[in-house]
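**Q** Structure below; questions to follow.
Each reported figure results from applying straightforward, stated rules to the coordinates on display, with no laboratory input. These numbers come from a predicted model, not from an experiment. No Cβ is skipped: glycine too gets one built from the backbone with ideal geometry, and neighbour counts run over all protein chains shown.
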Amino acid sequence: MMAKMPSDTTKGPVKPKREFGVTAFSIDVWNHKRGRVGVIIVSFFLAVALLAPWLAPYNPYSFVARPYLQPTIQHLLGTDGIGRDLLSQVIWGTRISLMIGFVVAISVIIIGSAVGLAAAYYGGPMDELLMRFTDELMVLPSLPLMIWMATMLGQSMWNTIIVLAVFGWPSMARMVRSETLSIKNRPFVDAARVSGASDVSIMTQIILPNVAPLIVANGILSIISAILGEASLSFLGLGDPFNMSWGTVLYFAQIEGAFYNNGWAWILAPGLSIAAVGLAITFVGTAITDIANPRLRSA
Amino acid sequence: MSAPPIVNVSGLRVSFWARRGEVKAVDDVSLQVKKGEIMGLAGESGCGKSTTGLAIMRLIKPPGEIKDGRIVFDGNIDVLSLGDEELRSFRWRKVSMVFQGAMNSLNPVMTVGSQIAEAISAHESAREEDMEERVAKLLEQVGMDASRAKDYPHEFSGGMRQRAVIAMALALNPELLIADEPTTALDVVVQRQILDLMIDMQRRLNLSMIFITHDLVALSEFSDKVSIMYAGRIAEVAPTSDLYGSPLHPYTQGLLESLQGIATPGKKLWSIPGAPPDLAAIPKGCRFRPRCRYAFDRCAAEEPELLPVKDGRSVACHLVNK
Amino acid sequence: MITARYLVSRTFNALVTFVIAVVLIFIIPRLMPGSPTDQFASQYRLPGPVVAELKAKFGLDQPIETQFVLYIKNVLLTFPPDFGVSYNFNPATVWSLLVYALPWTIFLLGTSSILTAILGVVLGMISAWYRGSKLEAFISSSSMLMLSVPFFWVAMILVLIFGVFLRWLPFSGAVSPSAVYRGFSIPFLLDVLYHGILPVLTLTIGSFASYTLIMKDNMVATLGEDYILTAEAKGVKKEDIMVKHAARNAVLPVMTLFVLRVGFMVGGSILTETVFSYPGIGLLLYGAVTGLDYPLIQGAFFVLAFTVILSTLVADILYTILDPRIRY
């Protein structure tokens, strides 16, 4: 039990620290052990995604060799059931998986924050209504509904993004709402209100900067759930077969009988990529929360 | 040569390792409590009194650490070198504690009775009926109805919870009771009741007690001796009446003076100017010097030792120990 | 502590939610492109008399209000709920298909839920108590890794290892395809277990991570509470402190997590059943949705909704019983 030392609870508003800025923060993340590993891995995959057209040895959709080949020099991961190069599929898949992950995460952040802020700030019936809606969405088993929606809308990349975003924003909204509620009653918010600031400007310029660290941390985690969600949907065959993501590659692995044809590389490569990206993003997220919240750092 | 003190602390040093460095919460503290005596341990928040109490039971947890010192119980138990099992058996049987904020000392999902029984069963095996009887007696001893043993902590008022915690502390008839701010979080009326209860218990069971508090008024009532702590060290030790009647250390004087303002209508409220030093960066010389009105050159150069003055009194001050 | 009033009100709440769900199950397919009536005879080549009977029972050629009334009558007011005949599996009725599939899913979900809870709580407890040690680092890293991995992929890896390379375990179906069993005989149960190992293992591995991490966080927070220090001061043994004091308190929020994650586990079972061709509700639902088998879709969602709402209610009540501070 520690002797009672005066703690540094921030009583005043956290002004957007322009002096610290993105550069200093990034340096902190780099210096964080896990953060550095995470950043390196994410950068690697981003590079692969961007350079896909030059990195992939073949067109992932064309037949280039005999099917079910084991890994060889020419086909580092072997070929799939129709004779398409797997390495190229995984490389191009990086682009699709990451893109969907980021776009969904951004949508979730925007929608979730807006709903959470509005609900907490305005309170009353608007809060009731919004939260009812949010809770219903959260409680319903999402995968069955996503499957249904995806089937209805058809197999395309954008439909996948829509479906994932629709079921992803509720938890962000809940989080933002709790945080906003705890900030909303602080004196500096009242001060702003009294001095005549409009609701929107209070929400965006005063509350939002204070909630931002939480949003960022959760936003990063939502990238992972987006990537995993997309992988699940694609694995079930609801992804876009003409825009193969890692999940789609695994879908084909399942239906084209990778198990019965010793397709170990086929199964390992996309899955490991998902795991690596997921873990890396978790590390970056941990680094950010550790840095942004000094109170959590143990002495 | 009379009986050994129930506890003899010498040269105790406890530090906490924080990001800004080593925080010396207890910096060379020595004190003795005689059998059957009530020793008050007083001082401002953060002066190290709670830490000292915890150290006696070896309850200092990381990032804290007992760096140095000897704690001898009843003349023959060297507390700091006890093995794990010996320590476990020593705790609560010889010394027990009433913690600061007793409200939270109780596990919210266990009944009060079972928690008191747990204190007993951790050390002795007893039949269930006997256990129930013992718990009932303990509760009655502190003025509670025995039927409340089956209730949960949140069903009690603050004062009742405090009584339950005291009952628990006395479960094994310890020889020394360390009470850390037992009345602080209670309202004035209940404070009085608890204080009376503790005085009563002490008399009946001939308990030795260390009463840790910042409430000098309470101490004046029932302690035999008072030790004043400042910034991790003991400033002055004296029998109660002597301390309150003629305080020797400037800090003690200041404390008592600031009390008078409240007691005497019309008198201006006064408090010692300044603040205690940062325990991670204690300045050279006497640590009270920046706030002391009598400071002279020796005070800036060397830290005063706690030296005996008259019978039973010791002070750590260059002014007194010339 | 629980009162009859609380029980009644929660149950009532659950019923209301269920009825709303049932209504939604009616409405939503009719909002989607391609209404049930169009899919009919031409595509699925149902025999004439069957078509006529269905049209009559469900009022498929009548206005939507009549359809709704008939729907409610057939689904909520009759037992067993009548969803008609499955388009793809006719002449099998929807209900008979559901009845066959449900026990498999319950077996899968039930077993893995229990295992997940136990595993998560125990691992969380251990990693909190041995905080800072290599064991804790290992457990935490594995948990974090598991959260980043799609667990259908875990299923595939397990299949690769145990099914393909080692050939120890089967990875398809709930029982051996060629076997015939009479009732719940021992050989039947053994076969079920044999086929169940991989799916249950997959589902458990995929789910325990978040429980472990949350339990660990709760334990660490609980271990910092004053009553833990008191227990240690009282001389209570270390193991007893960990279990009787810390874990007992730390496990409570984990139960709320459990309530929230029922939906997730249902999704997980769909993926698992797909990988293992396990004949549960998940696989049935998947086939129904992709095959546009409307009656079966409705039936499957009906059963899912019921299961989720029921388990949420049970977990809710369980939590109230466990935490004496809650009074209703």
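**Q** If Lys and Arg each add +1 and Asp and Glu each add -1, what is the summed charge of the other residues whose beta carbon sits under 15 Å from the beta carbon of C:Ile27? Please list the in-between numbers first.
**A** Numbers: positive: C:Arg30; negative: A:Glu136, C:Glu65.
Neighbour charge sum, excluding C:Ile27 itself: -1.
**Q** What value, in deg cm²/dmol to 500, does the helix sum -39500 (n - 2.57) over DSSP H runs of n ≥ 4 give at 222 nm once divided by the residues of chain C?
**A** When only DSSP H runs of four or more count, the value is -24000 deg cm²/dmol.
**Q** Take chain A, connect every pair of alpha-carbon atoms lying under 10 Å apart with a spring to form a Gaussian network, then pick out the residue of A:Ala197, A:Ala120, A:Ala56 with the largest mean-square fluctuation.
**A** Of A:Ala197, A:Ala120, A:Ala56, the most mobile in the Gaussian network model is A:Ala197.
**Q** Which entries in A:Lys33/C:Lys244; B:Lys67/B:Lys94; A:Lys33/B:Lys24; B:Lys49/B:Lys284; B:Lys150/C:Lys234 show an alpha-carbon gap greater than 28 Å?
**A** On the way: A:Lys33/C:Lys244 36 Å; B:Lys67/B:Lys94 23 Å; A:Lys33/B:Lys24 30 Å; B:Lys49/B:Lys284 22 Å; B:Lys150/C:Lys234 20 Å.
Table pairs above 28 Å Cα-Cα are A:Lys33/C:Lys244; A:Lys33/B:Lys24.
**Q** So, one more: When chain A is modelled as a GNM with alpha-carbon springs shorter than 10 Å, which of A:Ser107, A:Ser222, A:Ser245 fluctuates the most?
**A** Comparing A:Ser107, A:Ser222, A:Ser245 in the GNM, the peak value goes to A:Ser107.
**Q** Still on this structure: With axes computed from alpha carbons, what is the tilt in degrees of helix C:186-223 against the longest principal axis of chain C, rounded to the nearest 10 within 0 to 90?
**A** Roughly 50 degrees, rounded to the nearest 10.
**Q** Can you compute the modelled spin-label distance between C:Phe188 and C:Leu76, with each label point 7 Å from Cα toward Cβ, in nm?
**A** Taking the two extended label points, one gets 3.6 nm.
**Q** Averaged across orientations, what area in nm² does the convex hull of the alpha carbons in the protein assembly as shown project? Could the numbers behind the result be given before it?
**A** Working: hull surface 202.6 nm².
Answer in nm², one decimal: 50.7.
**Q** Given H placed 1.01 Å from N in the peptide plane, which residues other than close sequence neighbours of B:Glu37 have an amide H under 5 Å from its amide H?
**A** The list, which skips near neighbours in sequence, is B:Met209.
**Q** Just to verify a number: FRET efficiency for B:Glu257 and A:Asp190, C-beta to C-beta distance, R0 = 56 Å, to 0.05?
**A** Taking R0 as 56 Å, the efficiency between B:Glu257 and A:Asp190 is 0.90.
**Q** A further question follows. Got a sec to turn the phi values of the stretch C:92-99 into Karplus ³J(HN,Hα) couplings, 6.51 cos²θ - 1.76 cosθ + 1.60 with θ = phi - 60°, whole Hz, x for Gly and Pro?
**A** 5, 7, 4, 4, 5, 5, 5, 4
**Q** Under 5 Å between amide hydrogens, which residues at least 5 positions from C:Asn88 or on another chain qualify, with H placed 1.01 Å from N in the peptide plane?
**A** Residues meeting the amide H criterion: none.
**Q** Additional query: Per DSSP H run of n ≥ 4, the term is -39500 (n - 2.57); total these for chain A, divide by its residue number, and report the mean residue ellipticity at 222 nm rounded to 500 deg cm²/dmol.
**A** Working: 11 runs with 201 residues, N = 299.
Here the helix-only value at 222 nm equals -23000 deg cm²/dmol.
**Q** Would you mind calculating the gained length between B:Gln193 and B:Ala3 on full extension (0.36 nm times residue separation, minus the Cα-Cα distance), in nm to one decimal?
**A** 65.1 nm
**Q** Taking amide hydrogens as modeled 1.01 Å from N in the peptide plane, which residues meet the under 5 Å criterion relative to B:Val226, leaving out close sequence neighbours?
**A** Counting only residues 5 or more places away or on other chains, the set is B:Gly40, B:Ala238, B:Thr240.
**Q** By how many degrees, between 0 and 90 and to the nearest 10, does the Cα long axis of helix B:188-205 differ from the longest principal axis of chain B?
**A** On a 0 to 90 degree scale, this one is about 80.
**Q** Right, another one. Could you please state, rounded to a whole Å, how far the C-alpha centre of the stretch A:254-276 is from the C-alpha centre of the stretch B:1-25?
**A** 63 Å
**Q** What nm distance separates the two modelled labels at C:Glu53 and C:Thr3, each placed 7 Å from Cα along Cα→Cβ?
**A** About 5.2 nm separates the two model spin labels.
**Q** Give me the net charge for the shell around B:Ser241: Cβ to Cβ below 11 angstrom, other residues only, Lys and Arg +1, Asp and Glu -1.
**A** Result for the local shell: -1.
**Q** May I pose another question? Which percent of Cα pairs goes in each bin when the distances of chain C are cut into 20 angstrom slices starting at zero?
**A** 26, 49, 22, 3, 0
**Q** Taking the convex hull of the alpha carbon atoms in chain A, what volume per residue do you get, in Å³? Before the final figure, lay out each step's value.
**A** Details: hull volume 54.1 nm³, N = 299.
Once divided by residue count, the hull of chain A is 181 Å³.
**Q** Let me ask something additional. When DSSP assigns beta bridges and you keep just the ones with both residues in the protein assembly as shown, what percent turn out antiparallel, to the nearest 5?
**A** In the protein assembly as shown, approximately 65 percent of DSSP beta bridges are antiparallel ones.
**Q** Return B:Trp92, C:Trp129, B:Trp270, A:Trp266 ranked ascending by Cβ neighbour count within 10 Å, so the fewest neighbours appear first.
**A** Least to most surrounded, the residues fall as B:Trp270, C:Trp129, B:Trp92, A:Trp266.
**Q** Taking the Cα centre of the stretch C:236-328 as origin, work out the dipole magnitude from +1 charges on Lys and Arg Cβ and -1 charges on Asp and Glu Cβ, in debye rounded to 20. Let's see the in-between values first.
**A** On the way: 7 positive and 6 negative charges, 112 e Å.
Using Cβ point charges on Lys, Arg, Asp and Glu, the stretch C:236-328 gives about 540 debye.
**Q** Another question about this same structure. Let me have the 222 nm mean residue ellipticity of chain B computed from DSSP H runs of 4+ only, each contributing -39500 (n - 2.57), with the sum over all residues rounded to the nearest 500. If you can, show how the numbers build up before the last one.
**A** Working: 10 runs with 101 residues, N = 322.
Computed ellipticity for chain B at 222 nm equals -9000 deg cm²/dmol.
**Q** Further question: Restricting to bridges with both residues inside chain B, how much of the DSSP beta-bridge set is antiparallel, in percent to the nearest 5?
**A** Among the beta bridges of chain B, antiparallel pairing accounts for roughly 60 percent.
**Q** Continuing with this model, one more query. Out of the GluC sites (Glu not before Pro) in the stretch B:120-156, which ones are loop residues according to DSSP with at most 16 other C-beta atoms within 10 Å?
**A** Here the sparse-neighbourhood loop sites are B:Glu124.
**Q** With a point put 7 Å past each Cα toward its Cβ, work out how far B:Leu269 is from B:Leu87 in nm, to one decimal.
**A** 4.4 nm
**Q** Placing +1 on the Cβ of each Lys and Arg and -1 on the Cβ of each Asp and Glu in the stretch B:158-317, which of B:Tyr251, B:Gly312, B:Cys292 has its Cα farthest towards the positive end of the resulting dipole?
**A** Result: B:Cys292.
**Q** So, one more: Mind checking which of B:Gly40, B:Gly232, B:Gly312 has the largest fluctuation in a GNM of chain B, springs on alpha carbons under 10 Å?
**A** Of B:Gly40, B:Gly232, B:Gly312, the most mobile in the Gaussian network model is B:Gly312.
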